[in-house]
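Visitor: Structure in C-alpha cells, see below.
The values are calculated or read from the model by the stated rules, or taken from the named source; none is laboratory data. Bear in mind the structure is a predicted one, so any value in this text is a computation, not a measurement. Every residue, glycine as well, gets a Cβ built from its backbone with ideal geometry; the counts of neighbours run over all protein chains shown. In case anyone asks, the SASA skips ligands and DNA or RNA and just uses the protein heavy atoms, side chains included. Shrake-Rupley method; radii C 1.70, N 1.55, O 1.52, S 1.80 Å.
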Amino acid sequence: QVQLVESGGGLVQAGGSLNLSCAVSGYIFSINNMGWHRQAPGKQRELVAAVTSDGSTNYADSVKGRFTITRDNAKNTMSLQMNRLKPEDTAVYYCDADAFSLIKRRRENYWGQGTQVTVSS
C-alpha cells in the first residue's frame, strides 16, 4: 500500500507564507514525477507545480515566482514553499506521485487526501 500524507495547510493573511509537505510511504521501488495540485470550490483541480526525479520543475503561470517545489528523494518527501499568498490561492492542495509499487509490481499514480489552504484578504 502506497500512502501520501500532506501537512502544513492553514489560514494565513494575504502576503503571508506557508510551507506544505508531502510524505510518501509504503513498499515503493521508485518515484518518478511528483506534483502539487489544488482545487478551489466550484473549480476544476489544477496543477500548481511538478518536479521530476532529477529535480526539473515546472509551475503554473499563476504561481511562478511565488511558489517553490522541492523534493528529497532519500526521504520520499516533497515540499511546496508558498510566498506572497493571495486570496485566489485558497483551495485544497493535493500532492501526487508516480510510483512503482512493490506490492502491485507496477507503476501507478497515487494521491494524498489534501490539505486546506485559506488566504484571507
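Visitor: Count the lysine pairs in the chain whose Cα atoms lie under 24 Å apart, taking only pairs 8 or more positions apart in sequence or on different chains.
Guide: 4
Visitor: Looking at the chain as a GNM with Cα springs under 10 Å, which of ALA97, ALA50, ALA23 has the largest mean-square fluctuation?
Guide: ALA23
Visitor: What whole-number value in Å² describes the accessible area per residue of the chain for a 1.4 Å probe?
Guide: Spelled out: the 1.4 Å probe surface of the chain, per residue, equals 55 Å².
Visitor: So what does ILE103 come to for accessible area, using a 1.4 Å probe and Å² rounded to 10?
Guide: 110
Visitor: Next question. Can you work out the FRET efficiency for the pair GLU46 and ASP72, with r the C-beta to C-beta distance and R0 = 25 Å, to the nearest 0.05?
Guide: For R0 = 25 Å, the calculated efficiency reads 0.50.
Visitor: Can you send over the carbon and sulfur percentage of the accessible area for the stretch 30-99, probe radius 1.4 Å, protein chains only?
Guide: Solvent-exposed carbon and sulfur of the stretch 30-99 make up 45 percent of the total.
Visitor: For PHE29 and THR118, what does the FRET efficiency come to when R0 = 35 Å and r is the distance between their Cβ atoms, rounded to the nearest 0.05?
Guide: 0.45
Visitor: Given 10 Å bins starting at zero, what is the percent of C-alpha pairs of the stretch 57-107 in each, up to the one with the largest pair distance?
Guide: 18, 44, 26, 11, 1
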